[in-house]
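First the structure, in the form of structure tokens, and then the observations on it.
The values are calculated or read from the model by the stated rules, or taken from the named source; none is laboratory data. Computed from a predicted structure; not experimentally measured. Methodologically, a virtual Cβ is constructed for each residue, glycine included, from the backbone with ideal geometry; neighbour enumeration extends over all protein chains shown. We work out accessible area using only protein heavy atoms, side chains counted, and drop any ligands, DNA or RNA first. Shrake-Rupley method; radii C 1.70, N 1.55, O 1.52, S 1.80 Å.
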Amino acid sequence: MISVSAAPSRVGPHFARWIDGTTPGEPPTQVQRIDADTFVIRQSVKTNFEAPFIYLLFGTNRALLIDSGAGGLKIRPTVDRVIADWRAGHGGRPVRLIVAHSHSHGDHHGGDEEFRDRPDTELVGLQPKQVADFFGIRDWPNAIGRYDLGHRVIEVVPTPGHEPAHIMIYDARTRLIFSGDMLYPGRLYVPRDRFDVFRASTVRLADFARTRPVRALLGAHIEMTTTPGRDYPMEAPAHPSEHGLALPPSAIGELEKAAAGATSPPAIDRHPDFIVYPVAPKPA
């Protein structure tokens, strides 16, 4: 397990180099620590081209897993190892695992079946109502949800558009927004018939962020290179010269402005750190 380096970074947190598919003996997962209670797991692009990032946040009596990976490997052993290490450092304290999702696309819940028989574990459903009910969001998608992990309250921001049940999670302790597939260094896919919903979510996110201290956003993928505005080919088998995981808070305003100024119909809109990428409507 690697701890976040204290070295300076363009935007924090600053991570050691992620597994990126360029090394022959690359392990299937990599774990880095933001702090003693906050962990990031990356799935190797060699196991699935999506190479998603998964987040594990601990409170005093619950742990929240944000996404369960894209499949193509067993993700539970890595998660269980992080939990076991955390418990060992806390006198063997029991902790209930909550498996939630940034949204319902398959590359974010591919490992769910591994957790269905895990003791003291609860899986959050994938539909907007199930997400809203679990996190106490009474007016989806306009209200904000709250969930207490035990002396660590997270806030849940509904951000449909990319997908109907999409959420972002804000952690006041680290001042981080875990932003899923709505805002990350890559192609932000938006079905054209949901672009108005996506636009409204950018406004909701910006309004939320104005009232909270935000250090950075951590999304679910990296698809951009270190060259501003340049992404990897789709389903690229390796990510040499990969963009950093963290995006600055200013990316929120940039996305809001891009969505507000989109043409009709919306077109691909390339920015230094992300690409707004309209796609054909999803079948019913």
Dipole of the chain, Cα-centred, from +1 at each Lys and Arg C-beta and -1 at each Asp and Glu C-beta, to the nearest 20 debye? 560 debye
Can you give me the % of accessible surface on the chain that is carbon or sulfur? Probe 1.4 Å, all protein chains present, nothing else counted. 53 percent
Counting each DSSP H run of 4 or more residues in the chain as -39500 (n - 2.57), what helix-only mean residue ellipticity at 222 nm follows after dividing by all residues, to the nearest 500 deg cm²/dmol? -5000 deg cm²/dmol
Under 23 Å from the Cα of Lys46, which lysines turn up, not counting those fewer than eight places away in the same chain? Lys74
Excluding same-chain residues fewer than 8 positions from Lys282, which lysines have a Cα within less than 17 Å of its Cα? none
The range 245-284 and the range 51-91: distance between their alpha carbon centers, rounded to Å: 30 Å
No solvent, one uniform scatterer per C-alpha: report log10 I(q)/I(0) for the range 5-126 via the Debye equation at q = 0.11 1/Å, two decimals. -0.37
So which residue, out of Ala100, Ala262, Ala251, gets the largest mean-square fluctuation from a GNM of the chain using Cα contacts under 10 Å as springs? Ala262
Proximal aspartates and glutamates to Lys129, defined as alpha-carbon separation beneath 15 angstrom and excluding residues fewer than eight positions away on the same chain: Asp139, Glu163
Compute the accessible area per residue over the chain, keeping the other protein chains in place, probe 1.4 Å, unit Å². 42 Å²
Tell me whether the range 81-204 comes out rounded, prolate or oblate; compute the Cα gyration tensor, take square roots of the eigenvalues as a ≥ b ≥ c, and use a/c under 1.5 as the rounded threshold. prolate
Using a ≥ b ≥ c from the Cα gyration tensor of the range 181-261 (square roots of the eigenvalues), is it rounded, prolate or oblate, where a/c under 1.5 gives rounded and otherwise the larger of a/b and b/c decides, a/b for prolate? oblate
Run the numbers on the chain and let me know its relative contact order in percent, using alpha-carbon pairs under 8 Å that are six or more apart. 15 percent
Would you please classify the overall shape of the range 143-209 from the alpha carbon gyration tensor, given that a ≥ b ≥ c denote the square roots of the eigenvalues, rounded means a/c under 1.5, and beyond that prolate means a/b larger than b/c while oblate covers the rest? prolate
